[in-house]
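**Student:** Handing you this structure, nothing more for now.
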Amino acid sequence: MNSKWGSIYQELGLEPIINATGSVTALGGSIVAEEVREAMELSNDVYIPMTELEKKVGDEIAKILDVPAAYITSGAGSALTLAAAAFMAGKDDDKIQQLPNTKGMPNKILIQKRQRYWYDRCMEFSGGTLVEIGTEKGTSKNDLINAIDSETACVHYPVYEQDEVDENILSLEEVIEITHSKNKPVSVDAAGQIYPLENFGKYVKMGADFQCIAAKYMGAPHSTGIALGTKDVIDSISRHSFVGYESRRIRGIGRPHKIDRQEIIGVYTAVKRWMGLNHEERLSYEETKTLNIINELSAIDGIKVKIIDNIIGHQPFGLSLNIDSNVYKTNNHDFVELLKNSTPPIWTRVPDGEDSIIIHVFGMNIEQSNIVGKVIKDKLEELKH
């Protein structure tokens, strides 16, 4: 490995790791693309009114994606929180300043019980309350119809195009149709839905009033996201945002959601880059890293290695690894901890609800993928019964 790799962290007495987990917040999210870094550097020593910058960049991204409106936020989670605020308080300045106290406002955020997920909490930070509809067995149309009332702020829907369709829940099309028939808005968490390119902005085009994107997945800073939606919803979000707090002198909940001008330019550059990128080459590169690891492990007895052939969304390819404890003095969970203590440390995981070690190559380069394969092979050799 390059002798300079991680030196800035080593100066602090920290040990750099190889990221075999993927784009996760706990490890810093992503690597900023070279073109994005250059654009951010060009914006660094120039000041610009942030209201104008947010509006112009939002308009340009909306044109690129062919959606009504867009706004840059401090991550997809921030976009969710600001959207929830917009659905509850709208453009009423008194209500904007009243949040997170939602007295007198619709504050129920409906979500199908089988769709509950780790990040739905972001919808509550501005004062709303998540309300489950349906059961663990599923959700019917009547469940949703009967749940929507005057206190409903929106219906929220997370999207994972790369997963199998859950036939027991209402589809997004059904949710949009029912919710709009009740004159209520639909919010979509599509944080990682940036490929195929037609998925980037797809849900607003389908009729959702809002969707979020995590810009880190396309080479923008980890701390950035994009809100897409109707002009009315995005205008409301802008009023609740840190820019609205400062430029309008309205004390909304968005002040801590601050981003800088460099990040906004970074997101704009990342979107342009992503839409013009040769994605066949990108996917081939990710597949090569995956196969580097698999080929190192393919001849080893007592393990099962399988390629993850998904290319949809933000994190393509990777592999699953299962270790036979009858052959090795370890199991999947213990081996994850062992890799964290290897040299260099390799961070991976057994995701919640799964049994296999899942190794993603999103955060690696070619050289690191070779190292990962070799370290795993060597460690298993040491652990044979």
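Each reported figure results from applying straightforward, stated rules to the coordinates on display, with no laboratory input. Note that the structure is predicted; figures quoted are calculated from it, not measured. Cβ placement follows ideal geometry from the backbone for every residue including glycine, while neighbour counts extend to all protein chains displayed.
**Student:** Compute the distance from the alpha-carbon center of segment 10-47 to that of segment 156-198, in whole Å.
**Tutor:** 31 Å
**Student:** Still on this structure, please answer the following. I'd like to know which of G266, H385, G29 lies farthest towards the positive end of the charge dipole of the chain, counting +1 on Cβ of Lys and Arg and -1 on Cβ of Asp and Glu.
**Tutor:** The one lying farthest along the dipole's positive direction is G266.
**Student:** Sum up the charges of everything whose Cβ sits under 11 Å from the Cβ of L170, counting Lys and Arg as +1 and Asp and Glu as -1, but leave L170 out.
**Tutor:** Numbers: positive: R114, K141; negative: D143, D166, E167, E173, E174, E177.
Result for the neighbourhood of L170: -4.
**Student:** Using a Debye calculation, one point per C-alpha and no hydration shell, please list log10 I(q)/I(0) for segment 220-279 at q = 0.30 Å⁻¹ in order.
**Tutor:** -1.19
**Student:** Can you give the direction-averaged projected area of the convex hull of the alpha-carbon atoms in segment 47-168, in nm²? Write out the running numbers ahead of the final one.
**Tutor:** On the way: hull surface 39.1 nm².
Approximately 9.8 nm², given one-decimal rounding.
**Student:** Sort 283-289, 248-254 by the packing proxy (mean of other Cβ within 10 Å over each peptide's residues), most packed first.
**Tutor:** Ranking the peptides 283-289, 248-254 by packing returns 248-254, 283-289.
**Student:** Moving on to the next point. If the chain between D45 and I366 were fully stretched, how many nm would it gain, using 0.36 nm times the residue separation less the Cα-Cα distance? Intermediate results must be reported in sequence, preceding the final value.
**Tutor:** Values: separation 321, 0.36 × 321 = 115.56 nm, distance 3.44 nm.
Computed gain between D45 and I366 is 112.1 nm.
**Student:** So, one more: What net charge do the residues around M364 carry, taking every other residue with its C-beta under 12 Å from that of M364, with Lys and Arg at +1 and Asp and Glu at -1?
**Tutor:** Working: positive: K289; negative: E286, E367.
Neighbourhood net charge equals -1.
**Student:** To continue, here is another question. Could you rank the peptides 152-162, 267-277, 20-30, 166-176 by their average count of other C-beta atoms within 10 Å per residue, with the highest value first? Walk me through the numbers before you get to the answer.
**Tutor:** Details: 152-162: 22.4, 267-277: 20.5, 20-30: 18.7, 166-176: 16.4.
For the peptides 152-162, 267-277, 20-30, 166-176, the packing ranking is 152-162, 267-277, 20-30, 166-176.
**Student:** Could you give log10 I(q)/I(0) at q = 0.14, 0.18 Å⁻¹ for segment 34-276, computed by the Debye formula over C-alpha point scatterers of equal weight, without solvent?
**Tutor:** Treating every Cα as an identical point scatterer, log10 I(q)/I(0) equals -0.85, -1.35.
**Student:** Provide the net charge surrounding I250, with neighbours chosen by a C-beta distance below 13 Å and charges set as Lys +1, Arg +1, Asp -1, Glu -1. Provide the component values of the computation, followed by the final result.
**Tutor:** On the way: positive: K91, K95, R239, R248, R249, R251, R255; negative: D92, D93, D94, E246.
In short, +3.
**Student:** Next up: Can you tell me the order of 139-145, 81-87 when each peptide is scored by its average per-residue count of other Cβ atoms within 10 angstrom, highest first? Before the final figure, lay out each step's value.
**Tutor:** Details: 139-145: 16.1, 81-87: 30.9.
Packing order, densest peptide first, comes out as 81-87, 139-145.
**Student:** Using only the alpha-carbon atoms of segment 1-105, report the extent along each of the three principal axes, biggest first, to the nearest angstrom.
**Tutor:** 59, 31, 28
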